[in-house]
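First up is the structure itself, then whatever we jot down about it.
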Amino acid sequence: MVNVPTAVWIDEKGRIVRPNEAAYVDDRYKSMHRLDAAEYFDALRDWVANGEKSVFALSETELKDRLKPQNPDWALATAEFGLGEYLYRQGLQAASIRHYKEAQRLNPDNWNYKRQAWALSDAEREYGTSFMKEVQKLNGKPYYAPRKLPGTRKN
Amino acid sequence: MQTMKFLICLALPFLMAAISGMAAEAGTRVVIYDGVSTNVTAPPANLAEKSDLWVTLEDLKRATGYVLKPQGVCREQLCFPIPKARKSAFLFKQDAGKRSATWFNLSEFGRLLRQPAAYDAESSVWYFGPRADEQNGFIESLNAPDFTLPDMSGKKHSLSDFRGRKVLLLTWASW
């Protein structure tokens with residue numbers, strides 16, 4: 001989960017039905033993403049009424065295709081980031097930055113490691129970049145999991 | 001005066017070495033395991049030189065819940081045998097009279113389990129994270145990983161509390 005609003009659907013057995021994706025529940029930022037919140041609510045109501053028969057409930061194959069498995073580098077990145085968090089809480093900011101940077105190096109596509117680290121320091125000074133600069137580099141491609149509802153506009 | 005300066009220069013490296021040795025003995029080391037931090041005793045100087053984390057068996061149990069048994073290193077129903085040929089990489093018996101102790105190499109154990117570990121030399125902190133296969137377990141089962149968070153009044157709620165009901169897990173911000 002690297003941005004808000006995003007949501008996960010989970011069924012009565014605790015199984016994931018839709019993994020994390022953009023979930024616009026009102027239209028206040030519609031000028032930016034051009035997506036109707038109403039479409040999302042309709043999909044949600046359909047799933048509540050029809051459960052696993054809903055067209056919005058993903059099949060096991062679709063789910064496994066969307067969920068990215070961890071590899072050893074990403075697992076180590078999790079540990080490096082966790083260590084950075086611990087050091088930051090202890091007031092050791094310089095030390096924490098070393099480990100945030102290592103987490104970013106090991107898993108460069110993980111925007112949690114970027115956004116959180118940048119927010120906890122002067123990103124320009126410590127990392128030579130900023131959130132807005134990095135978003136602009138993507139040229140309109142979302143850095144978060146886009147909404148992919150069948151039969152609706154996609155982003 | 002020159003003789004005095006010479007003696008100070010001569011003594012300085014030994015003084016630094018002694019202080020360094022004392023720091024290793026008395027310094028605090030922190031282990032973070034399963035997200036919980038525990039202060040552990042620093043090992044003797046010969047084990048403290050490298051980035052590996054050696055802990056006493058008491059600290060091993062306190063910090064990780066693992067216990068050394070004849071069949072291996074165990075926690076609840078899980079036991080991991082120590083490879084016989086590499087026993088010395090895991091265990092070191094310190095025989096120093098009243099201070100005799102068995103030291104366990106938690107970093108080597110992490111490598112045996114393929115558990116990722118991060119280390120900060122300056123602050124002597126070791127962080128052991130979840131294994132990749134543990135983190136991937138939910139992809140096979142598709143069960144949402146359980147977690148617990150406090151509400152606005154501090155009351156804790158777990159995802160598993162909502163079993164039997166559909167859940168929309170929505171992240172939002174208040175701006």
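Going by what's in this entry, would B:GLN135 be described as facing chain A (nearest Cβ under 7 Å) and either surrounded by 12 or more Cβ atoms within 10 Å (Cβ to Cβ) or in a helix (DSSP H, G or I) (or both)?
Yes: the conditions hold for B:GLN135.
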Meets criteria (of a type in the set (A, V, I, L, M, F, W, C) and in a loop (DSSP other than H, G, I, E, B)) for A:ALA77: no
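Yes or no: A:ALA145 of a type in the set (A, V, I, L, M) and in a loop (DSSP other than H, G, I, E, B)? Can you show your working first?
Values: of a type in the set (A, V, I, L, M): yes; in a loop (DSSP other than H, G, I, E, B): yes.
Yes: the conditions hold for A:ALA145.
Residues checked against (1) assigned to a strand (DSSP E or B); (2) of a type in the set (Phe, Trp, Tyr); (3) more than 14 Å from chain A (Cβ to nearest Cβ); (4) over 28 Å from A:PRO69 (Cβ atoms):
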{"position": "B:LYS50", "(1), (2), (3), (4)": "no, no, yes, yes"}
{"position": "B:LEU60", "(1), (2), (3), (4)": "no, no, yes, yes"}
{"position": "B:LEU68", "(1), (2), (3), (4)": "yes, no, yes, yes"}
{"position": "B:ALA85", "(1), (2), (3), (4)": "no, no, yes, yes"}
{"position": "B:TRP103", "(1), (2), (3), (4)": "yes, yes, yes, yes"}
{"position": "B:GLN115", "(1), (2), (3), (4)": "no, no, no, no"}
{"position": "B:ALA118", "(1), (2), (3), (4)": "yes, no, no, no"}
{"position": "B:GLU122", "(1), (2), (3), (4)": "no, no, no, yes"}
{"position": "B:TYR127", "(1), (2), (3), (4)": "yes, yes, no, no"}
Matching residues in the range A:58-109 - criterion: being more than 7 Å from chain B (Cβ to nearest Cβ), under 21 Å from B:GLY137 (Cα atoms) and surrounded by fewer than 18 Cβ atoms within 10 Å (Cβ to Cβ): A:SER59, A:THR61, A:GLU62, A:ASP65, A:ARG66, A:LYS68, A:ASP73
Scope the range B:144-173; condition within 10 Å of chain A (Cβ to nearest Cβ) and over 22 Å from A:ALA57 (Cα atoms); matching residues: B:TRP172, B:ALA173
Some residue of the range A:118-126 being on the phi > 0 side of the Ramachandran plot, assigned to a loop (DSSP other than H, G, I, E, B), more than 8 Å from every other protein chain (Cβ to nearest Cβ) and over 16 Å from the mean Cα position of the chain (by Cα): no
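Each reported figure results from applying straightforward, stated rules to the coordinates on display, with no laboratory input. None of these values were measured; they are calculated from a predicted model. For neighbour counting, all protein chains shown are included, and Cβ atoms are generated from backbone atoms with ideal geometry for every residue, glycine included.
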